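The values are calculated or read from the model by the stated rules, or taken from the named source; none is laboratory data. No experiment lies behind these values; they were computed from the predicted model shown. Using ideal geometry, Cβ is built from the backbone for each residue, glycine included, and neighbour counts are taken over all protein chains shown.
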Amino acid sequence: MPSESGLEISSDPISYQYCNSLTSYSRFKTREVKIGDVPMGANNPIRIQSMTTTPTMETAATVDQSIRIIEAGADYVRITAPNITEAQNLEAIKKGIRAKGYSTPLIADIHFTPNAAELAARIVEKVRVNPGNYADKKKFAVREYSDSQYEEELERIRSKFLPLIGICKEYGTAMRIGTNHGSLSDRIMNRYGDTPLGMVESAMEFVRICEEENYHEIVLSMKASNTIVMVQAYRLLVNKMMEYGMNYPIHIGVTEAGEAEDGRIKSAVGIGTLLEDGIGDTVRVSLTEDPELEIPVAVALVARYDNRESHQKINSSSDYSINPFVHEKRSTVAVKGVGGGSVPRVVADLGHYEQIEQNDLVGLGYKYVPEDDKWNISDVACDFIYTADQELPFDIPGTLSVIRNSAAWKTSENKDRRYPLFCEMEYFKSEEKSSEINFLAVDINSLSESFIELVKAEETLVLVFETSNTHGMAEQREMFCRLKEQSCLAPVLIKRNYDNDSEQDLMLSAATDLGALLIDGFGDGVWVNNRKVDRDKTNSALFGILQATRTRISKTEYISCPSCGRTLFDLQETTAKIRARTDHLKGVKIGIMGCIVNGPGEMADADYGYVGTGIDKITLYKGMEVVQRNVPAKDAVDALISLIKHHGDWVAV
């Protein structure tokens, strides 16, 4: 039957294959593509890249920024070339970079203009084209194509694309065929819909033409701002390459990820989920910040897979029958607000605190106001705190509960909203349990068939999945699969220990390990242990992960492009202004796009759009529809606020 991805899904689990193994880490083996002196794919390291944000005609500025990107650790530098004049200037930029002693390959980013691509391919080592707008202009038209009309369209595309292939073959230039979720052609949209399958097929149309011309220096990408769509599209891409006998290198990234913590978490959720399964030959983290700041994030994400192959063996005792191309939340029973139809819960770990004070809850979303004798509760207030053996010396807010070690809980006189944490068989041997909710910590060795049968008989039990495996995401995924195989509906909290991680490492690791499971519909809550990072940072990261996986919305979401030479206003400054005035609008999604290339298409998920359409001219959108054109930039933020108010989505601070 057709799925949400647009794919005809078979019940045969083999049709779900998208990586080498779900339990044993290895990279999906791709062919080597030569990009200057820095080849990609095959046994080469995962390459890192970024993109300049300076206007391409500003040669000196672009050269300087390219060098900063290179010195930060990039293997490639990408530069936009939206027209023939800017494509020509790539030659001066390349000479400037080479004159300063840098041989890093350059990539030209092309949209809409085949003649610019054809010129750039004679100058730089690689060109990127977007199948959705290389030979088409998106009109958001609704029409039906007969088979013959569809073939006529493909032939038209072929005639426009062949000259570029010929030039790339002649000059030894590589090519990225990069599909963007929001810029699929009308032809693809009307045949496949706005789906991961449409994204894959959009690229495959171009790949087939390349193969017919015996041109194979190809890299593929499937970028989206929605992490679920992005992961599904890449998985489906590999699945289709396996089916077609292809193995082209894969460029991975979350487009329009945003800035600061949110941008890093969103990038790690999408990129990390794929890297966990060995997918990806080059990484670009797209942040609305200076491009050299993207590189350390990408390096940190990739470094997690150094020597990952040596992880502890994961014994698989289940059949993986979960469709990896469709997001479907695992069905669970509800146990006092955990599981069932509830959003995932957040546990704050204070178990290492010597003494927990009332003010320690401030960083967890709770602030006590003595003069009013009440608690102020934020949108990112955790649901549980773990206190190990400690009893709290103060009254807790009504929306908060406490998890304590079972021995301490049993001897406590105050059991109001206090619940025990047991370990493995201890729970089943205990004579004293909570009548409301009990937590049971288990690892993969606990989950035998007989143990799971015991769990199924318990109505108040919530499992806490733990792992010490360096390939922990895959191990915990296997644990979920074992529950599914035996139709066990017990809710599960995903717990990870990052005791020695820095703030950035914690953020990226947790976003990868927890996010990958949430993307697949696993998990009724998240719990992270770390002694080094402030509790407020950890709590914020957990809510950010839930937001990035769209499993619990607690704040405004900004779909913001990383800026480039096409950007028509100061994107970083404008994003900061919009965030300052709208970050209290819980659940509202605002797209902030520097130009029309990454405009209405890439903000397909946004409720409102702010798009540069001329020098200091902004066009405002409600969804995909234009509401107001050519608003002066100085007035545009106010106009956006008025638009939000007009549609009833504004709330007072």
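Quick rundown of the values:
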{"read-out": "Residue within region 188-197 that is on the phi > 0 side of the Ramachandran plot, not in a strand (DSSP E or B) and not charged (D, E, K, R) present", "value": "yes"}
{"read-out": "Unique residue being within 30 Å of ARG579 (Cα to Cα), assigned to a loop (DSSP other than H, G, I, E, B), modelled with pLDDT under 95 and hydroxyl-bearing (Ser, Thr, Tyr) when the list is SER318, SER286", "value": "SER286"}
{"read-out": "Region 294-306, subset small (Gly, Ala, Ser) and touching a residue at least 40 places away in the same chain (Cβ under 8 Å), residue surrounded by the most Cβ atoms within 10 Å (Cβ to Cβ)", "value": "ALA298"}
{"read-out": "Residue in region 308-321 that is under 30 Å from ASP194 (Cα atoms) and in contact (Cβ under 8 Å) with a residue 12 or more places away in the chain present", "value": "yes"}
{"read-out": "Test result for VAL333, in contact (Cβ under 8 Å) with a residue 12 or more places away in the chain, assigned to a helix (DSSP H, G or I) and not small (Gly, Ala, Ser)", "value": "no"}
{"read-out": "Of residues in region 307-338 being of a type in the set (Val, Ile, Thr) and closer than 26 Å to THR470 by Cα, the one surrounded by the fewest Cβ atoms within 10 Å (Cβ to Cβ)", "value": "ILE322"}
{"read-out": "Residue in region 166-191 that is surrounded by the fewest Cβ atoms within 10 Å (Cβ to Cβ), counting only those that are in contact with a helix residue (DSSP H, G or I) (Cβ under 6 Å, 6 or more places away or on another chain) and either of a type in the set (S, T, N, Q) or at pLDDT 95 or above (or both)", "value": "ILE167"}
{"read-out": "Test result for GLU256, at pLDDT 95 or above and out of contact with any helix residue (DSSP H, G or I) (no Cβ under 6 Å at 6 or more places or on another chain)", "value": "no"}
{"read-out": "Selected residue (only one of ILE188, ILE218, ILE177 is assigned by TED's automatic domain parsing to the domain that holds ILE123 and out of contact with any strand residue (DSSP E or B) (no Cβ under 7 Å at 6 or more places or on another chain))", "value": "ILE188"}
{"read-out": "Matching residues, region 250-274, being buried (at least 24 other Cβ atoms within 10 Å of the Cβ), assigned to a helix (DSSP H, G or I) and among the hydrophobic types (A, V, I, L, M, F, W, C)", "value": "ILE265, ALA268, VAL269, ILE271, LEU274"}
{"read-out": "Enumeration of residues in region 537-574 that are among the hydroxyl-bearing types (Ser, Thr, Tyr) and at pLDDT below 80", "value": "THR556, TYR558, SER560, SER563, THR567"}
{"read-out": "Spans of strands (runs of 3 or more DSSP E) in region 361-430 with at least 2 residues touching a Leu at 6+ places or on another chain (Cβ under 7 Å) and within 26 Å of LEU542 (Cα to Cα)", "value": "384-386, 401-405"}
{"read-out": "Candidates ILE67, ILE93 - the one that is more than 26 Å from the chain's Cα centre (by Cα), buried (at least 22 other Cβ atoms within 10 Å of the Cβ) and farther than 24 Å from ILE252 by Cβ", "value": "ILE93"}
{"read-out": "Residues located in region 239-268, provided they are within 17 Å of ASP605 (Cβ to Cβ) and among the hydroxyl-bearing types (Ser, Thr, Tyr)", "value": "THR255, SER267"}
{"read-out": "Residue in region 220-231 that is farther than 23 Å from ALA548 by Cα and either touching a Phe, Trp or Tyr at 6+ places or on another chain (Cβ under 7 Å) or not in a helix (DSSP H, G or I) (or both) present", "value": "yes"}
{"read-out": "Members of region 284-293 found to be in contact with a Leu (Cβ under 8 Å, 6 or more places away or on another chain) and either buried (at least 24 other Cβ atoms within 10 Å of the Cβ) or closer than 15 Å to THR227 by Cα (or both), listed by number", "value": "VAL285, LEU287, THR288"}
{"read-out": "Residue identified as touching a residue at least 40 places away in the same chain (Cβ under 8 Å), surrounded by 20 or more Cβ atoms within 10 Å (Cβ to Cβ) and not basic (Lys, Arg) among LEU162, LEU154, LEU197", "value": "LEU197"}
{"read-out": "Options GLY193, GLY178; residue that is of a type outside the set (Phe, Trp, Tyr) and within 20 Å of GLY41 (Cα to Cα)", "value": "GLY178"}
{"read-out": "Subset tally (residues that are modelled with pLDDT of 95 or more and in contact with an Asp or Glu (Cβ under 7 Å, 6 or more places away or on another chain)) for region 226-250", "value": "2"}
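This table checks each residue for (1) polar (S, T, N, Q); (2) more than 30 Å from LYS555 (Cβ to Cβ); (3) in contact with a Ser or Thr (Cβ under 6 Å, 6 or more places away or on another chain).
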position: GLU424; (1), (2), (3): no, yes, yes
position: PHE451; (1), (2), (3): no, yes, no
position: PHE465; (1), (2), (3): no, no, no
position: SER487; (1), (2), (3): yes, yes, no
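To keep it simple, each residue is scored yes or no on (1) over 26 Å from the mean Cα position of the chain (by Cα); (2) more than 16 Å from THR282 (Cβ to Cβ); (3) outside the structural domain of THR173 (by TED's automatic domain parsing); (4) among the hydrophobic types (A, V, I, L, M, F, W, C).
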residue	(1), (2), (3), (4)
SER225	no, yes, no, no
MET230	no, no, no, yes
ALA233	no, yes, no, yes
LEU237	no, no, no, yes
